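Reviewing the structure listed below.
The values are calculated or read from the model by the stated rules, or taken from the named source; none is laboratory data. Because the structure is a prediction, the values reported are computed rather than measured. Positions of Cβ are generated from backbone atoms using ideal geometry, with glycine treated the same way; all protein chains shown enter the neighbour counts.
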Amino acid sequence: MVGLAIAAAYAPAAPQATERWFSTGLYPRLQHVLTPLSNIIPFAVFDLVIAAGLIFVLVILGRGTAAACRARRVAPAIHALRRVVVSAAVVYLAFLLLWGFNYRRVAMADRLSMDSGGPTSAEVLQLGVQVVERLNALHEPAHQSGWGQKPWDNPLLRQAFAAVQQELSDAPAATPGRLKGTILGPYLRWASIDGVTNPFGLEVLANPDLLPFERPFVAAHEWAHLAGYADEAEANFVGWLTCVRADSGSQYSGWLALYWQISGEVGEADRARLAAALAPGPRRDLEAIVARLRRGEWPWLQSAGWRMYDQYLKANRVEEGVRSYGAVLTLVLRARFDDGWVPVRRRAGPPG
């Protein structure tokens, strides 16, 4: 099992084959079973997975240590450690087969018609100006309609998500997941993490402090993970495309998320220029998000958590690590679109 896990981890990537047999083959069938089941269960399945895993490790290591002390030999402890390592290998293989192989599918940039080269700073700033204009225009209608409806129950958001999937891939449309609370809620708050996808139960876990106008984009981003887009930039791209084609509240949420992304990529002077162009309404909403983050974050835990996630992404062949979040701007600025933000797929290229 350990050897098989190591081989699976370091096997050469074959994006077209992975796209064919897993991302548009096996995975959608699994997702159409697991996510509807997890939607029925009112609590987070991931909580049970974590609790069971911790209990298993503690019991095995505790028994091995006790047996080693009684026998005054190290062999029982080594045997217990061996069981834990083998179990970890099994868990890793389950992770790959249930969701993780999506990290090796055809990249979004290879499935879309893209202009060559990376975006310039001037183009990023111009996109920022467009984002500010959309936020200023959408603030009033978005707040008038409100966000009383949960994203999972929003038919316009679900329809937009299904349409975006059909435009990006030949796989059956993924089933959206409800945003669930979790025992990890305090950690998500302290580490400033908005949402997490459970790769074993294919469910969506949310930060309990999310503001109403943040929830549509967080839901759409995590739904993109459920659709097999494991890369964070691609999930941001799919989530943004979903939101901007739904109702006014979801559109506002999507443009807010893109504003955050641009704000982190431009220089200080351009950031100040964009902030000055915001109307009072969007500025208040952004200030509310900042206050939420500062109220709950533990800087040292946030830093440690993101470093761990950076290593996790790199271990799953995302070379940019957490910097992959910012790559969504390349997709937005270099992908070609038809009217209504409909992405244009390559006519000839990898399947999927």
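Do you know which of the residues in region 191-240 that are in contact with a strand residue (DSSP E or B) (Cβ under 8 Å, 6 or more places away or on another chain) and among the charged types (D, E, K, R) is nearest to Gln166 (Cα to Cα)? Restricting to residues being in contact with a strand residue (DSSP E or B) (Cβ under 8 Å, 6 or more places away or on another chain) and among the charged types (D, E, K, R), the top hit is Glu222.
Which residues, counting only those in region 227-244, are buried (at least 24 other Cβ atoms within 10 Å of the Cβ) and part of a helix (DSSP H, G or I)?
Step one: of region 227-244, the residues buried (at least 24 other Cβ atoms within 10 Å of the Cβ) are 227-229, 231, 233-243.
Answer for region 227-244, where residues must be buried (at least 24 other Cβ atoms within 10 Å of the Cβ) and part of a helix (DSSP H, G or I): Ala233, Glu234, Ala235, Asn236, Phe237, Val238, Gly239, Trp240, Leu241, Thr242, Cys243.
Contact map, region 116-127: first residue closer than 17 Å to Arg273 by Cα, second residue of a type outside the set (A, V, I, L, M, F, W, C), Cβ cut-off under 6 Å, separation 6 or more or different chains; pairs are Val124/Glu265; Leu125/Asp270. Among the candidates Arg29, Arg63, the residue that is among the charged types (D, E, K, R), at pLDDT below 95 and not in a loop (DSSP other than H, G, I, E, B) is uniquely Arg63. With respect to Val84, is the statement that it is in contact with a Leu (Cβ under 8 Å, 6 or more places away or on another chain) and over 27 Å from Lys180 (Cβ atoms) true? The answer is yes for Val84.
Can you work out which of the residues in region 60-74 that are exposed (fewer than 13 other Cβ atoms within 10 Å of the Cβ) and of a type in the set (A, V, I, L, M, F, W, C) is farthest from Ala88 (Cα to Cα)? So the residue we want is Ala71. Out of Leu48, Leu26, Leu34, one residue alone is touching a Leu at 6+ places or on another chain (Cβ under 7 Å) and either acidic (Asp, Glu) or under 30 Å from Pro176 (Cβ atoms) (or both). It is Leu34.
Residues that are assigned to a helix (DSSP H, G or I) and in contact with a strand residue (DSSP E or B) (Cβ under 8 Å, 6 or more places away or on another chain) were ranked within region 134-163; the one that is modelled with the highest pLDDT is Pro151. When Ala52, Ala8, Ala75, Ala68 are checked against the criterion of being closer than 30 Å to Ala224 by Cβ and in contact with a helix residue (DSSP H, G or I) (Cβ under 9 Å, 6 or more places away or on another chain), Ala8 stands alone in meeting it.
Which residue pairs have Cβ atoms under 8 Å apart, sit 6 or more places apart or on different chains, and have a first residue in region 33-54 that is farther than 24 Å from Ser87 by Cβ and a second that is assigned to a helix (DSSP H, G or I)? From residues that are farther than 24 Å from Ser87 by Cβ, the pairs are Thr35/Leu226; Asn39/Trp152. Among the residues making up region 126-153, those that are surrounded by fewer than 20 Cβ atoms within 10 Å (Cβ to Cβ) and under 25 Å from the mean Cα position of the chain (by Cα) are Gln130, Arg134, Gly146, Gly148, Gln149, Lys150, Trp152, Asp153.
For region 189-202, the condition holds for at least one residue, the condition being that it is surrounded by fewer than 23 Cβ atoms within 10 Å (Cβ to Cβ), hydroxyl-bearing (Ser, Thr, Tyr) and farther than 29 Å from Glu133 by Cβ. Within region 105-112, is even one residue assigned to a helix (DSSP H, G or I), exposed (fewer than 14 other Cβ atoms within 10 Å of the Cβ) and touching a residue at least 12 places away in the same chain (Cβ under 8 Å)? No: zero hits.
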